[in-house]
1. Filter the range 45-76 down to the residues that are open to solvent by 80 Å² or more (accessible area, probe 1.4 Å) and farther than 20 Å from residue 118 by Cβ and list them by number.
2. Please give the number of the condition residue 129 fails out of (1) at pLDDT below 75; (2) in contact with an Asp or Glu (Cβ under 6 Å, 6 or more places away or on another chain); (3) open to solvent by less than 70 Å² (accessible area, probe 1.4 Å).
3. Hey, can you tell me all the residues within the range 33-70 that are within 22 Å of residue 95 (Cα to Cα) and not in a helix (DSSP H, G or I)?
4. Any idea which residue in the range 77-123 is nearest to residue 42 (Cα to Cα), counting only those that are among the β-branched types (Val, Ile, Thr) and open to solvent by less than 80 Å² (accessible area, probe 1.4 Å)?
5. Looking at the range 20-38, which of its residues are at pLDDT below 70 and open to solvent by 40 Å² or more (accessible area, probe 1.4 Å)?
Amino acid sequence: MSPRDKDHTGMVPITEGYIVDMLPIDAVARTGIVTGKQIKDWLEKELQNVFAKEASGRFGGWVVKMKGMSVEFKAFEELGQRVQKVMVGDLPLDLQREYTITACEREGDPEDTLCRILKVKQNLEFRFYLSDDEGLSSYLFSGRSDTTS
C-alpha cells in the first residue's frame with residue numbers, strides 16, 4: 001500500500017509516510033519572533049502569490065498552513081484585502097504582539113528572513129531537518145500548541 005492508497009472507507013489515511021511525501025523540500029527548521037502585523041502582511045503577500053488576478057503575479061501554488069493558527073480569507077479580493085480573520089489558538093491575532101514562529105530555512109535568505117518574512121528577531125536554527133522523525137513527529141504528534149510567546 002502506498003501512502004496515497006485509499007483504505008476500506010474510500011479515504012486516504014493521513015499517515016506519517018503521506019505527510020513526508022507531501023513535504024516540498026527537506027530543509028532545516030528555524031524559529032524566530034515576529035509581530036502580528038508581520039504575520040498579517042506576510043499572509044496577504046503569500047495569498048497574492050497564489051491568487052493574483054494576473055497570471056504573472058502568481059507563483060508557488062499552495063497556501064501556507066500553520067499549527068495553532070487559523071485564517072479566514074477571500075481569495076479573489078485585492079492585495080491587502082484578502083485576510084479577513086486570523087486566530088492564534090482561541091485569540092484573534094494581535095498586530096502589536098510578538099509571536100514565535102517556526103518554518104523552513106530557505107537557502108540564500110538573509111539571516112533575519114524566515115519563510116519570506118523579513119526582519120525576524122532571534123532567528124535560530126534547530127538541529128533537525130523537517131523530514132527527520134524527531135522534527136516532524138514531535139511537531140505533528142506532540143499535542144502541544146506552542147504558537148505564541
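1. Those that are open to solvent by 80 Å² or more (accessible area, probe 1.4 Å) and farther than 20 Å from residue 118 by Cβ: 53, 54, 56, 58, 62, 65, 72, 74, 76.
2. Result: residue 129 fails condition (3) only.
3. Within the range 33-70, 33, 34, 35, 63, 64, 65, 66, 67, 68, 69, 70 qualify.
4. 117
5. 20, 21, 22, 23, 24, 25, 26
The values are calculated or read from the model by the stated rules, or taken from the named source; none is laboratory data. Remember, predicted model here, so these are calculated numbers, not experimental data. Reconstructed Cβ throughout: ideal geometry from the backbone, glycine too, with neighbour counts over all protein chains shown. Surface accessibility is based on the protein's heavy atoms, side chains included, excluding ligands, DNA and RNA. Shrake-Rupley method; radii C 1.70, N 1.55, O 1.52, S 1.80 Å.
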